[in-house]
Amino acid sequence: MSIDIITIFDFVGTFAFAISGLRLAAAKHFDLFGAFVVGFITAVGGGTLRDVLLDLPPFWMQTPTYVSITGLALLFVIIFKKQTVKIDNTFFVFDAIGLGLFAIVGIEKSLSVGYPAWVAIIMGCITGAFGGILRDTFINEEPLLFRRDIYAMACIAGGILFFVLRNIGISEGFCQIGAAVSIFLTRILCVHFGVNLPLLTQDKNKD
Amino acid sequence: MSIDIITIFDFVGTFAFAISGLRLAAAKHFDLFGAFVVGFITAVGGGTLRDVLLDLPPFWMQTPTYVSITGLALLFVIIFKKQTVKIDNTFFVFDAIGLGLFAIVGIEKSLSVGYPAWVAIIMGCITGAFGGILRDTFINEEPLLFRRDIYAMACIAGGILFFVLRNIGISEGFCQIGAAVSIFLTRILCVHFGVNLPLLTQDKNKD
Amino acid sequence: MSIDIITIFDFVGTFAFAISGLRLAAAKHFDLFGAFVVGFITAVGGGTLRDVLLDLPPFWMQTPTYVSITGLALLFVIIFKKQTVKIDNTFFVFDAIGLGLFAIVGIEKSLSVGYPAWVAIIMGCITGAFGGILRDTFINEEPLLFRRDIYAMACIAGGILFFVLRNIGISEGFCQIGAAVSIFLTRILCVHFGVNLPLLTQDKNKD
């Protein structure tokens with residue numbers, strides 16, 4: 001995986017995550033600044049928690065790129081207000097790409113500061129999924145992730161695959177590609193076929 | 001207080017805290033992963049905030065024990081679904097034990113990095129009580145702790161006792177036991193006798 | 001800006017921020033401890049997030065002053081329960097003073113650890129505005145800041161002014177005064193004249 005492709009996917013993922021926050025903010029009629037904050041938290045919240053837990057400088061404070069991408073996403077939502085509803089599938093694909101890539105970034109960063117595989121897998125999951133939890137918490141909704149379809153679990157599965165591949169001697173780059181693609185495909189296929197995790201209680205499923 | 005007893009209490013407390021998160025998640029019909037996350041946040045959230053504020057590596061990232069205990073707690077709730085409702089009192093006692101122990105761990109960690117008594121007492125309180133605040137915030141409920149009975153205040157009282165005992169020359173181990181027991185008893189007795197803190201306004205108590 | 005004036009404004013701002021949390025807690029009939037926690041989070045939450053992101057020791061753990069001011073604010077609200085409602089305008093002015101000062105503290109702290117202007121401006125904004133977001137999140141309300149009038153944007157504007165003045169060679173102290181006053185005035189004037197940011201969607205404004 002060359003740096004350039006990772007970088008492009010990182011930006012695409014950030015854009016897709018920001019859009020998901022902005023659309024919820026628009027549905028709640030937030031003002032432009034509030035919407036920007038929600039989009040930004042969605043895009044960088046997971047990675048920020050990861051960096052704080054790993055005691056690393058927050059990634060988005062090292063380059064203005066992530067703030068700018070969120071600004072572009074806001075501009076995009078303002079200009080293409082009506083169209084954003086219609087291109088749901090495109091965003092869903094972008095979001096799944098972002099999920100796979102963010103998880104890999106989380107794994108690599110954890111390994112780089114000496115944490116073992118199980119911490120790296122959790123950090124991959126936090127990087128991919130915690131932005132959405134923070135988004136829902138701040139807009140005062142019950143986090144979708146706690147009920148919805150396979151999302152964070154795809155990061156866990158992909159993270160495990162990463163270390164399985166690595167332990168059988170596959171080169172780092174192919175481990176990354178394999179894990180990212182598996183997260184992407186798990187996410188896409190689970191939604192396509194309506195695969196869900198079981199609920200904790202099945203007695204009276206009134207939601 | 002030998003390391004072994006502290007360790008056992010730490011695990012028991014973690015288990016009890018995780019169960020309290022899992023039960024609320026079950027009541028909200030979260031899926032298994034969402035329930036696990038809520039249980040885990042309840043169990044380690046307070047200690048994680050403490051470690052971040054003290055600039056220490058988060059404790060649960062140093063050993064897989066806490067993730068495993070939350071997994072066991074999830075298994076326990078799945079298997080003994082009906083019974084967990086009936087053994088409320090047992091969990092309440094476990095939770096009170098955890099509260100006392102967590103507070104002591106928070107105090108000791110703060111002192112070990114050079115903070116004064118008042119910071120240590122607050123960190124003890126955060127360790128014991130903030131997991132529950134985070135749990136309620138993420139499941140989109142108003143934190144129980146803001147209204148309910150004596151909970152965090154028991155940590156404060158126990159923390160003050162710890163430093164009173166320490167200043168009169170009691171050995172560290174006995175200060176720990178004394179404070180942990182006092183937190184446990186304060187919690188148990190206040191609930192038993194229905195002792196509450198006054199509300200900030202009494203005019204129209206419409207809740 | 002001498003240290004003494006900054007210190008006084010810092011305390012006044014902390015007091016005003018704590019009061020704003022305490023009044024919301026009172027409206028929700030929290031108990032005294034819960035109210036204290038909400039007041040404290042409102043007062044120090046923004047600065048704490050800033051310090052964690054900058055990897056600095058949290059400011060309120062270095063001196064008991066901020067805990068004490070929150071305690072005084074709680075005492076004030078208990079004693080002057082009825083009057084606090086009537087002196088809204090006074091608190092509004094205090095809050096705006098706090099906003100301006102907190103933003104400057106956030107900017108200066110960021111620069112002191114080597115971050116560039118754009119990070120400093122964001123940190124100024126987080127210092128001034130994130131306490132209120134945390135307050136609303138913990139009491140389970142949708143953050144006011146996401147919809148309301150010009151608040152965080154005043155910090156951004158003041159932060160930009162700070163660096164414009166600095167780049168044209170104005171001395172640090174005057175940059176600080178200029179930015180703080182501009183934030184204060186922007187806030188006061190926008191509320192007075194009902195200036196708001198546009199909402200992200202205007203189609204069906206059903207709130």
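Figure legend. Inter-residue proximity from the stretch B:100-128: first residues closer than 19 Å to C:TYR66 by Cβ and without any contact (Cβ under 8 Å) to a residue 12 or more places away in the chain, second residues part of a loop (DSSP other than H, G, I, E, B) and not aliphatic (A, V, I, L, M), beta-carbon distance below 8 Å, spacing 6+ or different chains. Indicated pairs: B:TRP118/C:PRO64. Only one entry of B:ASP51, B:ASP31 meets the criterion of being under 23 Å from A:THR201 (Cβ atoms) and among the charged types (D, E, K, R), and that entry is B:ASP31. Filtering the stretch C:142-155 to residues that are more than 8 Å from every other protein chain (Cβ to nearest Cβ), over 27 Å from B:ASN140 (Cβ atoms) and out of contact with any Ser or Thr (no Cβ under 6 Å at 6 or more places or on another chain) leaves C:ILE150, C:CYS155. Among (1) out of contact with any helix residue (DSSP H, G or I) (no Cβ under 6 Å at 6 or more places or on another chain); (2) charged (D, E, K, R); (3) modelled with pLDDT under 85, where does A:ASP95 come up short? So A:ASP95 meets the others, but not (1).
Inspection of the stretch C:165-174 identifies at least one residue that is basic (Lys, Arg), modelled with pLDDT of 85 or more and either over 21 Å from the mean Cα position of the chain (by Cα) or exposed (fewer than 15 other Cβ atoms within 10 Å of the Cβ) (or both). Select from the stretch C:114-141 the residues that are assigned to a helix (DSSP H, G or I), over 14 Å from the mean Cα position of the chain (by Cα) and within 14 Å of chain B (Cβ to nearest Cβ) and write down the one among them that is surrounded by the most Cβ atoms within 10 Å (Cβ to Cβ). Out of the qualifying residues, it is C:PHE138.
If you go through the stretch C:142-164 and keep only what is more than 14 Å from the chain's Cα centre (by Cα) and among the small types (Gly, Ala, Ser), you end up with just C:ALA157.
The values are calculated or read from the model by the stated rules, or taken from the named source; none is laboratory data. What you are looking at is a predicted structure, and each value in this text was computed from that prediction instead of being measured. FYI the Cβ positions are ideal-geometry reconstructions off the backbone, even for glycines, and counts take in every protein chain you see.
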